[in-house]
Amino acid sequence: MVYEKRCYYSLFVFSLTCSQRVSMTAFSLDILLFALKLALVFLVILTLAAYLVFAERRVLAWVQDRKGPNRVGPFGLLQPLADLIKLLTKEDVVPSAADHWLFYLAPAMAAIPAILIFAVIPFGAPLTIYGRQLQLVVADLNVGLLFFLALSSIAVYGVAIGGWASNSKYSLLGGIRGLAQLISYELSMGLSLVPIVMLSRSFNLSDIVAAQERVPFIVYQPLAFIIFLISITAECKRIPFDLPEAEGELVAGFHTEYSGMRFGLFFVGEYINIIVLGGLATTFFLGGWHGPLLAPVVWFSLKTLAFAFFFIWMRGTLPRLRYDQLMHFGWKVLTPLALVNIVVTGWWLALK
């Protein structure tokens, strides 16, 4: 009897040890996959941002009937590397009367939130690896849409702090302009996404993409798409909404006093923001990674890059608005239209 009890006890300890080893192996695999996804997304975003600068210079040169960068490397493809070396080796000048800590912090506040937003964007269909389902999203949050809105509001501080900490009147005016603009258009951007939540019944971005498996939401919500597109153009501070950087009025705007790699961070942050907001527009309105024939990741990439090309094309064709026109359009046109669209969508869903 004692021998049987010892056998049962040994078997129990052995099974417990095996289950712990299996769970630890699964946990280690999850950590490894998460780290790989994080590294891949980080590398792809930074590379795309660098070559988006190159693409913009070439496209604008084509629009303006001139030659773009074509000297460094074959077809000028190594120009982003040359720009990086130039920024890293330029002198980093800090104004003597500037608030040094905030002056150092502002460029990071402009770039990091844009990178973090991409963590909740699903960029492909789930994969099965060793019997485990791998979601092609770094962090599949249930409140992914709210996470995006929260981080986009934090990015406002990069512009405001950079303008104030420089102790320059031109930088301060650019920072105030940027603060007012981003807050104003963030309201219409958030309101334009309310019908998307109503249609998908979820704040999770993967659920929103899944709800567009047959029909993308742009078919049901063309007005919300137009409002969102205009609002993210203002969020990116792109022409015709580049008032915080109006060089004819403010020298260079909120980053006038920045040089070297700190200026480069502001610059890179703007192009990362273009990629991220293009990915979000794809997720909310164009069905995300859904599409025929091609791989899901390819569809997501093509749709996102199409938005990036659209932003570049606008820069080469549209004039800059006056500041009063900018604020009037945001508060008196886009915000009321977004509110009316919410009411109409609710009425339509109630009758459906």
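Ranking LEU326, THR304, VAL137 by Cα position along the charge dipole of the range 39-351, where only Lys, Arg, Asp and Glu carry charges on their C-beta atoms, puts THR304 farthest toward the positive end. Can you give the angle from 0 to 90° between the axis of helix 100-117 and the longest principal axis of the chain, with both taken from C-alpha atoms, to the nearest 10? Approximately 60 degrees, to the nearest 10. Computed from the Cβ-Cβ distance with R0 of 35 Å, the FRET efficiency linking TRP62 to TRP348 stands at 0.20. Placing +1 on each Lys and Arg Cβ and -1 on each Asp and Glu Cβ, with no other charges, gives the range 39-351 a dipole about its Cα centre of roughly 540 debye.
Using the count of nearby Cβ atoms within 10 Å as a rough guide to exposure, how do SER200, SER259, SER166 rank from fewest to most?
Listing SER200, SER259, SER166 from fewest to most nearby Cβ atoms yields SER259, SER200, SER166.
Taking the structure as given and computing P(r) over Cα pairs in 20 Å bins from 0, in percent, which label from (i) 26, 52, 17, 5, 1; (ii) 29, 61, 10, 0; (iii) 29, 57, 13, 1 fits? The calculated read-out lines up with (i).
So what's the angle, to the nearest 10 degrees on a 0 to 90 scale, between helix 79-89 and the longest Cα principal axis of the chain? Approximately 80 degrees, to the nearest 10. Angle of helix 335-351 to the longest C-alpha principal axis of the chain, folded into 0 to 90 degrees and rounded to 10: 40°. Averaged over residues, the count of other Cβ atoms within 10 Å places the peptides 46-54, 261-269 in the sequence 261-269, 46-54, highest first. Rounded, prolate or oblate: which fits the range 157-283 when a ≥ b ≥ c are the square roots of the eigenvalues of the alpha-carbon gyration tensor, with rounded for a/c under 1.5 and prolate only if a/b beats b/c? Since a/c reaches 1.5 and a/b is larger than b/c, the shape of the range 157-283 is classed as prolate. The range 190-215 and the range 291-352 have Cα centres separated by 15 Å. Placing unit charges on each Cβ (+1 for Lys and Arg, -1 for Asp and Glu) gives the chain a dipole about its Cα centre, and among ALA97, SER188, LEU294 the Cα reaching farthest toward its positive end belongs to LEU294. Database remark: amide H of LEU134 closer than 5 angstrom to the amide H of LEU127, THR128, ILE129 (H placed geometrically; neighbours at sequence offset of 5 or more, or on other chains; Pro and chain starts carry no H).
Values in this text are rule-based calculations from the coordinates and carry no lab data. Keep in mind that what you see is a predicted model, and the values were worked out from it rather than measured. Virtual Cβ from ideal backbone geometry, glycine too; neighbours counted across all protein chains shown.
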